[in-house]
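Below is the structure I would like to discuss, written out as structure tokens.
FYI, it's all coordinate maths here, none of it is from the lab. In this text the structure is predicted, and so the values were computed from the model without any measurement. Cβ sites come from the backbone with ideal geometry, for glycine too, and all protein chains shown count toward neighbours.
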Amino acid sequence: MFSQECHGKYAHILVYIDDLLVSGDDENGITMIKQALHTTFTVKDLGLARFFLGIEISRSSTGTLLNQRKYALDILKDAGLTRLKPTRFPLPKGLKLTFEIGELMPNLEAYRGVIGRLLYLTITRPNISYVFSVNCCGRFVCLIIK
């Protein structure tokens, strides 16, 4: 991310590979950034962002809402969990996970992928990083990397 501050007004550029999101409260600064980018690169201005890197952006008169509903539903669909019912306690009470006992999962890539996606989901849902199952499973990811 690149930021510019001028007289208390801000402009930001979020960069992901070949996608850019220009944002801020300085309309003149944003226009100047877009013109400078366009003189150096081939840039296509798509107007106001509605979706960026799995994050839906909704605007109203009261502010801007960031939402990852579709991203969360895609995680559930890819993991085959769309038909399950929500539960208050996704892991049994008193469960003790250990590194010494048990077998590794047969598909470690899928496990790491789901945990990584859940952690990315915390951008708009920071509360799930404190959910025991996500937190606990995330701690085991680093030890199963080969």
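Quote the FRET efficiency, to the nearest 0.05, computed for Gln4 versus Val43 with a Förster distance R0 of 22 Å and r equal to the Cβ-Cβ distance.
The computed FRET efficiency comes out at 0.80.
Follow-up question, since we're still on this one. So which trypsin sites (Lys or Arg not before Pro) in segment 20-106 end up in coil per DSSP with only 13 or fewer other C-beta atoms within 10 Å?
Answer by residue number: Lys44, Arg50, Arg83, Arg88, Lys93, Lys96.
May I pose another question? For Thr122 and Asp78 in the same chain, what is the full-extension length gain: residue separation times 0.36 nm, less their Cα-Cα distance, in nm?
14.0 nm
Let me ask something else. Determine the calculated [θ] at 222 nm for the chain from helices alone, applying -39500 (n - 2.57) to every DSSP H run no shorter than 4 residues and normalising by the residue count; nearest 500 deg cm²/dmol.
Details: 4 runs with 48 residues, N = 146.
After summing the helix terms and dividing by residue count, I get -10000 deg cm²/dmol.
Please arrange Cys137, Cys6 by how many other C-beta atoms lie within 10 Å of their C-beta, fewest to most. Don't skip to the answer; put the middle values down first.
Working: Cys137 18, Cys6 11.
By the 10 Å Cβ count, ascending, the order reads Cys6, Cys137.
Using the Cβ atoms and a cut-off under 11 Å, what net charge is assigned to the surroundings of Gly8, where Lys and Arg are +1 and Asp and Glu are -1?
So the surrounding residues net to -2.
Count the net charge of all other residues whose Cβ sits under 9 Å from the Cβ of Tyr71, scoring Lys and Arg as +1 and Asp and Glu as -1. Spell out each step's value before the answer.
Working: positive: Arg69, Lys70, Arg117; negative: Glu56, Asp74.
Charge balance in the 9 Å sphere: +1.
Counting Lys and Arg as +1 and Asp and Glu as -1, what is the net charge of the other residues whose Cβ lies under 15 Å from the Cβ of Leu84?
Working: positive: Lys77, Arg83, Lys85, Arg88; negative: Asp78.
Net local charge, Leu84 excluded: +3.
Pick from Ile30, Ile57, Ile101: which is most flexible by mean-square fluctuation in a GNM of the chain where alpha carbon atoms under 10 Å apart are linked?
Greatest mean-square fluctuation among the candidates belongs to Ile101.
Could you give the alpha-carbon Rg of segment 1-98 over 2.2 N^0.38 Å, rounded to two decimals?
On the way: Rg = 20.0 Å, N = 98, 2.2 N^0.38 = 12.6 Å.
Compared with the compact-globule rule of thumb, segment 1-98 sits at 1.59.
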